[in-house]
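Below is one structure; the comments refer to it alone.
The values are calculated or read from the model by the stated rules, or taken from the named source; none is laboratory data. As the structure is a prediction and not an experimental result, all values here were calculated from the model. Cβ atoms come from the backbone with ideal geometry, glycine included; neighbour counts cover every protein chain shown. These area figures cover heavy atoms from the full protein model, side chains too; ligands, DNA and RNA do not enter into them. Shrake-Rupley method; radii C 1.70, N 1.55, O 1.52, S 1.80 Å.
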Amino acid sequence: MQRKLLLGVEAIGEGAVDGGISGVYAYPGTPSTEITEHIQSNKLAIERNIHREWSANEKTAMEAALGMSYAGKRTLVCMKHVGLNVAADAFVNAGITGINGGMVITVADDPSMHSSQNEQDSRFYGKFAMIPILEPSNQQEAYDMTRFGFELSEKTGVPVMMRITTRLAHSRAGVVAAPPVEENELKLPSDPLQFVLLPAIARKRYSMLLDNQSVQLDLSEKSDYNKYVDGEDKSLGIIACGIAYNYLMENYPNGCPFPHIKISQYPAPASAIQKLEEECDEILVLEEGAPLLEELLGDYFGKGIRVNGRLSGSLPRAGELSPDIVAKSLGMPNIEGEAIPELMANRPPALCQGCGHQDMYVALNEALEVYGKGRVFSDIGCYTLGALPPYSSINTCVDMGASITMAKGASDAGLVPSVSVIGDSTFTHSGITGLLDAVNEKSSITVIISDNESVSMTGGQDSSAVGKIEDICKGVGVDPAHIHVLYPHKKNHQQMVDVIKEELAHDGVSVIIPRRECIQRAARIRRAARKN
Amino acid sequence: MKSDIILAGVGGQGILSIAAVIGAAALENDYHLKQAETHGMSQRGGAVQSHVRISDKQISSDLIPKGKADLILSVEPMESLRYLPFLSEEGYIVTNSTPFKNIPNYPEDEKIIEEIENKKNFVLIDADKLAKEVGNSRASNMVMLGAASPFIDIEYSKLEDGIRAIFAKKGDKVVDLNLKALRAGRDFAKVNK
């Protein structure tokens, strides 16, 4: 059997192509980005010419995927956990419309916030939308379960969530692939009103979704991806979800002495959990993320069997798990290893030397000197690193697009001038509608769209904003006299300061676009050109 | 057989090329392998690490438990100390001596070297210099892998095969250069461990 070394995310991409998708829809976001990138370079995906372009944001991705499913084809949609917040409207309602062609929604969570602004656990969303959730524990399962996900979706008639976390996403292992299946034929839904969520129809569809729960549970109970393993020592029963199972096994290389359940498919298998409760004195729940099952099983009044986990303090409430953390929760001796010497310095991420964002921040700081600190609202991207020294330029980073709308709100409150700093791709992702609000109300804000013509933090994917920003701003109604394109570079420093100062003084919406290609992307393109 | 290796460096230094060669060599040997990488924000000049686990048996965790790593292979001296809690008592530190200074408060070079030289098992190597000597400073990561090779439970010839597999697309010259770099690092470590 030929093994390929694949990251967890690559295994999902590979599994989706081999599982017969006709399209992937996604917006880049760590740790989910490489799923789509893998499909973009996959031989079969190219041969079949399946859809593999980036979407403007996660909501447009989710909706386009639902459209592909409507047309009877299989489709994969991928995002990071916070991307699901953006796509939540479409996501939740897709549970109610149901699917026609199989639809798998892969959401990559980032516990410990390695590259994120929070660490939400997407299983809550899956439960909320009442759809099946798959949570693979290793790369092979990531491949197999992606393929299985499409079958499960078509069997249950609803989308299936594939939930992974950073550690599996970005860890490599050998994966054995199976022969690919054909794509689905184009086929309209048998009920022409299935996707029409008018109240009368929505009520019917919702009731169908409620009835569907027992079907989902039944499949989960019978699933090979969930297993109950008996153990001799009944003083403890363990539930290990997703990759938490690996950490449990790491601590018991010769087999776990306690009865335990590995859960990789939800709704959680009720009868296995019931059995564990009956057989064991107490239960330990190992979950990568938030305490979803622990909360479900925990006894509110403290009269039943004891359930331990992140809420009880057996495991830390926040952050990703590790073999050491799990060992501690099992009462094993704590191995600390050798201490880190005191002389160590931290090495926080920083803007690359020569990056255009640097020149933009130096100019912005100088232009704002007369007004004082505390009036720069920023956004998600490399330029968020402008919060750190030596720039210390920005005061907010909340969610995609929030820079413009928060600057507007602060300006409404009287903080004039208010400045927004947003990237090109974040602007087209979620900034345009906020800019429209500001234009409609003639808000006094200065919007700096720091344009490096790339989605850079995630590795330089194509930005949907390229070549369109000025036209978008004009189209939304920004006065062309207050739209400026600059070349952010040391040699243009004075010009940049002057333009920013002038627009800070303008009572209305101004847009300044410092534009210089991401130096990492430029270098990559040069390298690729050399190769060819 | 098992080797638990922590690769360390700074985002942009290319530690993943080392991981790729080890991975190809492990696959060649039909070993199990898990290799956890750092992607995302830290790649912008932050501290990056990769846990590489090779075994002839099934590997459970993608992460190496504390006190269990057989080797810390670092392409930057200060970074070799960041993961000490993971090193086993008999484990080796193999590190490049050339610092990468992208922070204002980088400690004094001598103090870092002193810390490393206080460890039980270490190889301190000027990989940049050795790489230049064999023909290209960009091959320093393969010098580092060569220097670590005596402490990795994989036949040397399989690591060479790994280099051939990973660099094949770049042509024979690049393959040869990296093979030479690997050899230079290994020869140094054998004398200086």
Query raised in the report: What are the aspartates and glutamates whose alpha-carbon lies under 20 Å from the alpha-carbon of B:K57, with same-chain residues fewer than 8 places away excluded?
Result: A:E141, A:E250, B:D4, B:E28, B:D30, B:D70, B:D153, B:E155
Query - Charge dipole (chain A, unit charges on Cβ, about Cα centre) - positive-most of A:T36, A:I519, A:L284 - result: A:I519
Report summary line: Filtering GluC sites (Glu not before Pro) in the stretch B:64-144 by DSSP loop and by at most 11 other Cβ atoms within 10 Å leaves B:E108
Report summary line: To the nearest 0.05, the calculated FRET efficiency linking A:R306 and B:D176 through their beta-carbon distance, R0 being 45 Å, is 0.10
**Report entry** Highest-MSF residue in chain B out of B:I112, B:I22, B:I93 [GNM, Cα springs under 10 Å]
**Finding:** B:I112
Query raised in the report: If you take the Cα atoms of the stretch B:2-192, find Rg, then find the Kirkwood Rh from the mean of 1/r over all pairs, what is Rg/Rh?
Result: 0.94
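Run the dipole for the stretch A:314-416 about the Cα centre, Lys and Arg Cβ at +1, Asp and Glu Cβ at -1, nothing else charged, and hand back the magnitude in debye, nearest 20.
Details: 6 positive and 11 negative charges, 50 e Å.
Using Cβ point charges on Lys, Arg, Asp and Glu, the stretch A:314-416 gives about 240 debye.
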Report task. Within the stretch B:9-59, list the trypsin sites (Lys or Arg not before Pro) lying in a DSSP loop whose Cβ has at most 16 other Cβ atoms in a 10 Å radius. Result -> B:K57
Report summary line: If the label point sits 7 Å along Cα→Cβ of B:K2, residues of the stretch B:44-71 with amide N under 17 Å come out as B:51-71
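Identify the chymotrypsin sites (Phe, Trp or Tyr not before Pro) of the stretch A:209-318 meeting these criteria: DSSP loop state and at most 14 other C-beta atoms within 10 Å of the C-beta.
Values: sites: A:Y225, A:Y228, A:Y245, A:Y247, A:Y300, A:F301; in loops: A:Y225, A:Y300, A:F301.
Here the sparse-neighbourhood loop sites are A:Y300, A:F301.
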Report summary line: Taking Cα atoms only, Rg over Rh for chain A with Rh from the Kirkwood formula is 1.01
Query raised in the report: Rounded to the nearest 5, what is the percent of antiparallel bridges among the DSSP beta bridges in chain A?
Result: 20
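Want the number for B:K57 to B:N121: 0.36 nm per residue separation, take away the alpha-carbon distance, what's left? It would help to have the intermediate numbers written out before the result.
Values: separation 64, 0.36 × 64 = 23.04 nm, distance 2.66 nm.
Taking B:K57 through B:N121 to full extension adds about 20.4 nm, to one decimal.
Among bridges DSSP assigns within the stretch A:3-222, what percent are antiparallel (round to 5)?
Numbers: 5 of 25 bridges.
Once the DSSP bridges in the stretch A:3-222 are tallied, antiparallel ones form about 20 percent.
Using Cα pairs under 8 angstrom and six or more residues apart, how large is the relative contact order of the stretch A:3-222, in percent?
Values: 477 pairs, mean separation 62.1, N = 220.
Across the stretch A:3-222, relative contact order equals 28 percent.
When averaged across all projection directions, what area in nm² does the alpha-carbon convex hull of the stretch A:288-328 cover? The partial results should precede the final answer.
Numbers: hull surface 11.8 nm².
The directionally averaged projection comes out at 2.9 nm².
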Requested in this report: Write down the Kirkwood hydrodynamic radius of the stretch A:151-283, to one decimal in angstroms, obtained as one divided by the mean of 1/r over all alpha carbon pairs.
Outcome: 18.1
Report summary line: With the charge dipole of the stretch A:227-329 built from beta-carbon charges (+1 for Lys and Arg, -1 for Asp and Glu) about the Cα centre, the Cα from A:G255, A:A268, A:Y228 projecting farthest to the positive end belongs to A:A268
Query - Fraction of antiparallel bridges per DSSP, the stretch A:227-329 only, in percent to nearest 5 - result: 20
Query - GNM result for chain B, Cα springs below 10 Å: residue of B:S97, B:S60, B:S50 fluctuating most strongly - result: B:S60
Query raised in the report: Just B:N118, B:N178, B:N29 to compare: in a GNM of chain B, with alpha carbon springs under 10 Å, which one fluctuates most?
Result: B:N118
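Report the charge-dipole magnitude of the stretch A:356-522 in Debye, nearest 20, computed about the Cα centre from +1 at each Lys and Arg Cβ and -1 at each Asp and Glu Cβ. Don't skip to the answer; put the middle values down first.
Details: 12 positive and 20 negative charges, 59 e Å.
Charge dipole of the stretch A:356-522: 280 debye, to the nearest 20.
With a Förster radius of 30 Å, plug the Cβ-Cβ distance of A:V196 and A:M113 into 1/(1 + (r/R0)^6) and report the FRET value to the nearest 0.05. Working shown, then result.
Numbers: r = 40 Å, r/R0 = 1.33.
So the FRET efficiency works out to roughly 0.15.
Could you look at chain B and say what percent of its accessible area is carbon and sulfur, using a 1.4 Å probe and all protein chains?
Answer for chain B is 46 percent, counting heavy atoms of protein chains only.
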Query raised in the report: To the nearest Å, what is the center-to-center distance of the stretch A:406-473 and the stretch B:1-77, using C-alpha atoms only?
Result: 39
Query raised in the report: In peptide A:348-354, how many Cβ atoms from other protein chains are near each Cβ within 10 Å, on average?
Result: 5
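Treat every Asp and Glu Cβ in the stretch B:2-192 as -1 and every Lys and Arg Cβ as +1, leave all other atoms uncharged, and give the resulting dipole magnitude about the Cα centre to the nearest 20 debye.
Values: 24 positive and 27 negative charges, 89 e Å.
Using Cβ point charges on Lys, Arg, Asp and Glu, the stretch B:2-192 gives about 420 debye.
Hey, with R₀ at 30 Å, roughly what FRET efficiency would A:M344 and A:A523 work out to, going by the Cβ-Cβ distance, to 0.05?
Working: r = 30 Å, r/R0 = 1.00.
Plugging the Cβ-Cβ distance into 1/(1 + (r/R0)^6) gives 0.50.
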**Report entry** Most positive-pole-ward Cα, B:F86, B:V75, B:G23, against dipole of chain B from beta carbon charges
**Finding:** B:G23
Query - Compactness of the stretch A:3-222 as Cα Rg over 2.2 N^0.38 Å, two decimals - result: 0.94
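By how many nm would the segment from A:D437 to A:S214 lengthen if fully extended, with 0.36 nm per residue of separation less the alpha-carbon distance?
Details: separation 223, 0.36 × 223 = 80.28 nm, distance 4.51 nm.
Once the chain is fully extended between A:D437 and A:S214, it gains 75.8 nm.
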Report summary line: So, with points 7 Å from each Cα along the Cβ direction, the B:V191-A:I335 label distance in nm works out to 3.5
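Normalised by the number of residues in chain A, what is the relative contact order in percent for Cα pairs under 8 Å and 6+ residues apart?
On the way: 1107 pairs, mean separation 59.5, N = 532.
With pairs under 8 Å counted, the relative contact order is 11 percent.
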Query raised in the report: Can you give the extra length, in nm with one decimal, that the chain gains between A:A270 and A:K43 once fully stretched, where that is 0.36 nm per residue apart less the Cα-Cα distance?
Result: 77.6 nm
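When a/c reaches 1.5 or more, the comparison of a/b and b/c decides; with that in mind, is the stretch A:356-522 rounded, prolate or oblate per its Cα gyration tensor? Kindly include the intermediate steps, with their values, before the conclusion.
Working: a/c = 1.34, a/b = 1.13, b/c = 1.18.
Rounded, because the longest to shortest axis ratio a/c is under 1.5.
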